[in-house]
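Engineer: One structure follows; several queries about it will come next.
The values are calculated or read from the model by the stated rules, or taken from the named source; none is laboratory data. Quick caveat, the model's predicted, so the values are computed rather than measured. Positions of Cβ are generated from backbone atoms using ideal geometry, with glycine treated the same way; all protein chains shown enter the neighbour counts. Surface accessibility is based on the protein's heavy atoms, side chains included, excluding ligands, DNA and RNA. Shrake-Rupley method; radii C 1.70, N 1.55, O 1.52, S 1.80 Å.
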Amino acid sequence: MSSDDYKKMMTGVGDFLNVMSANTECKGDRFSIVLYGAEAELVERQASITKPFTPPAQFTDARSYGTNFNRAFELTLNEIKVAQSRKHVLILM
(Lines give C-alpha, C1' and ligand atoms only; values in the text may rest on other atoms or scores of the structure.)
Protein backbone atom coordinates (compact mmCIF):
# COMPACT_ATOMS: atom_id res chain seq x y z
CA MET A 1 0.00 0.00 0.00
CA SER A 2 1.36 3.39 -0.92
CA SER A 3 1.78 6.03 1.75
CA ASP A 4 -0.89 8.16 0.03
CA ASP A 5 -3.36 5.26 0.17
CA TYR A 6 -2.50 4.71 3.82
CA LYS A 7 -3.07 8.40 4.63
CA LYS A 8 -6.45 8.32 2.87
CA MET A 9 -7.46 5.19 4.76
CA MET A 10 -6.46 6.68 8.13
CA THR A 11 -8.26 9.93 7.29
CA GLY A 12 -11.38 7.85 6.67
CA VAL A 13 -10.95 6.09 10.02
CA GLY A 14 -10.49 9.43 11.77
CA ASP A 15 -13.56 10.88 10.06
CA PHE A 16 -15.62 7.84 11.06
CA LEU A 17 -14.49 8.09 14.70
CA ASN A 18 -15.29 11.82 14.78
CA VAL A 19 -18.83 11.19 13.54
CA MET A 20 -19.33 8.35 16.00
CA SER A 21 -17.98 10.33 18.96
CA ALA A 22 -20.49 13.10 18.21
CA ASN A 23 -23.34 10.60 18.56
CA THR A 24 -24.60 10.59 22.15
CA GLU A 25 -25.41 6.86 21.93
CA CYS A 26 -21.72 6.11 21.28
CA LYS A 27 -20.12 8.16 24.09
CA GLY A 28 -18.97 5.11 26.08
CA ASP A 29 -17.85 3.10 23.05
CA ARG A 30 -14.27 1.98 22.57
CA PHE A 31 -12.28 0.89 19.53
CA SER A 32 -9.19 -1.11 18.62
CA ILE A 33 -7.18 -1.09 15.39
CA VAL A 34 -5.41 -4.05 13.82
CA LEU A 35 -3.17 -3.28 10.84
CA TYR A 36 -2.19 -6.18 8.69
CA GLY A 37 -0.28 -7.19 5.60
CA ALA A 38 2.23 -10.04 5.57
CA GLU A 39 2.11 -9.67 9.37
CA ALA A 40 -0.56 -8.28 11.69
CA GLU A 41 -0.22 -5.91 14.63
CA LEU A 42 -2.62 -4.50 17.22
CA VAL A 43 -1.81 -0.78 17.10
CA GLU A 44 -4.67 0.64 19.20
CA ARG A 45 -6.30 -1.21 22.11
CA GLN A 46 -9.69 -0.36 23.60
CA ALA A 47 -9.33 3.41 23.12
CA SER A 48 -12.26 5.67 23.97
CA ILE A 49 -14.14 6.73 20.87
CA THR A 50 -13.95 10.32 22.16
CA LYS A 51 -10.14 10.20 22.24
CA PRO A 52 -8.57 12.40 19.55
CA PHE A 53 -7.48 10.03 16.77
CA THR A 54 -3.79 9.91 15.93
CA PRO A 55 -3.10 7.62 12.98
CA PRO A 56 -0.58 4.91 13.80
CA ALA A 57 2.65 4.73 11.85
CA GLN A 58 2.23 2.79 8.63
CA PHE A 59 2.76 -0.90 9.28
CA THR A 60 5.15 -2.37 6.73
CA ASP A 61 6.87 -5.69 6.58
CA ALA A 62 9.66 -5.54 4.01
CA ARG A 63 10.61 -9.18 4.61
CA SER A 64 7.73 -10.64 2.64
CA TYR A 65 4.57 -9.94 0.72
CA GLY A 66 1.09 -11.28 1.19
CA THR A 67 -1.82 -10.86 3.53
CA ASN A 68 -1.95 -12.64 6.85
CA PHE A 69 -5.73 -12.76 7.33
CA ASN A 70 -5.47 -15.53 9.93
CA ARG A 71 -3.35 -13.45 12.31
CA ALA A 72 -5.48 -10.33 11.71
CA PHE A 73 -8.66 -12.26 12.54
CA GLU A 74 -7.00 -13.83 15.58
CA LEU A 75 -6.01 -10.42 16.99
CA THR A 76 -9.42 -8.94 16.18
CA LEU A 77 -11.41 -11.78 17.73
CA ASN A 78 -9.26 -11.61 20.85
CA GLU A 79 -10.05 -7.89 21.16
CA ILE A 80 -13.77 -8.60 20.81
CA LYS A 81 -13.57 -11.27 23.51
CA VAL A 82 -11.90 -8.94 26.03
CA ALA A 83 -14.04 -5.90 25.20
CA GLN A 84 -16.50 -4.86 27.86
CA SER A 85 -18.89 -3.38 25.30
CA ARG A 86 -22.06 -5.17 24.28
CA LYS A 87 -21.70 -3.89 20.70
CA HIS A 88 -18.88 -4.85 18.37
CA VAL A 89 -17.98 -3.66 14.90
CA LEU A 90 -15.40 -5.35 12.71
CA ILE A 91 -14.03 -3.38 9.76
CA LEU A 92 -11.52 -4.99 7.45
CA MET A 93 -9.56 -2.78 5.06
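Engineer: Give me a count of the residues in the range 21-41 that are more than 19 Å from Asn78 (Cβ to Cβ) and β-branched (Val, Ile, Thr).
Structural biologist: 1
Engineer: Right, another one. How many residues does the range 6-57 hold that are outside any loop (DSSP other than H, G, I, E, B), touching a strand residue (DSSP E or B) at 6+ places or on another chain (Cβ under 9 Å) and open to solvent by 70 Å² or more (accessible area, probe 1.4 Å)?
Structural biologist: Counting residues in the range 6-57 that are outside any loop (DSSP other than H, G, I, E, B), touching a strand residue (DSSP E or B) at 6+ places or on another chain (Cβ under 9 Å) and open to solvent by 70 Å² or more (accessible area, probe 1.4 Å) gives 3.
Engineer: Residue pairs, Cβ under 8 Å, 6 or more apart or interchain, first in the range 6-26 and within 12 Å of Ile49 (Cβ to Cβ), second in a helix (DSSP H, G or I) and open to solvent by less than 40 Å² (accessible area, probe 1.4 Å). List them.
Structural biologist: Every condition considered, the pairs that remain are Met20/Cys26.
Engineer: Going by the structure shown, is Val34 touching a residue at least 40 places away in the same chain (Cβ under 8 Å), among the aliphatic types (A, V, I, L, M) and touching a helix residue (DSSP H, G or I) at 6+ places or on another chain (Cβ under 6 Å)? Steps first, please.
Structural biologist: On the way: touching a residue at least 40 places away in the same chain (Cβ under 8 Å): yes; among the aliphatic types (A, V, I, L, M): yes; touching a helix residue (DSSP H, G or I) at 6+ places or on another chain (Cβ under 6 Å): yes.
When the stated conditions are applied, Val34 passes them.
Engineer: Would you please name the residue that is modelled with the highest pLDDT, looking only at residues in the range 65-84 that are assigned to a loop (DSSP other than H, G, I, E, B) and open to solvent by 50 Å² or more (accessible area, probe 1.4 Å)?
Structural biologist: If we take residues in the range 65-84 being assigned to a loop (DSSP other than H, G, I, E, B) and open to solvent by 50 Å² or more (accessible area, probe 1.4 Å), then Thr67 is modelled with the highest pLDDT.
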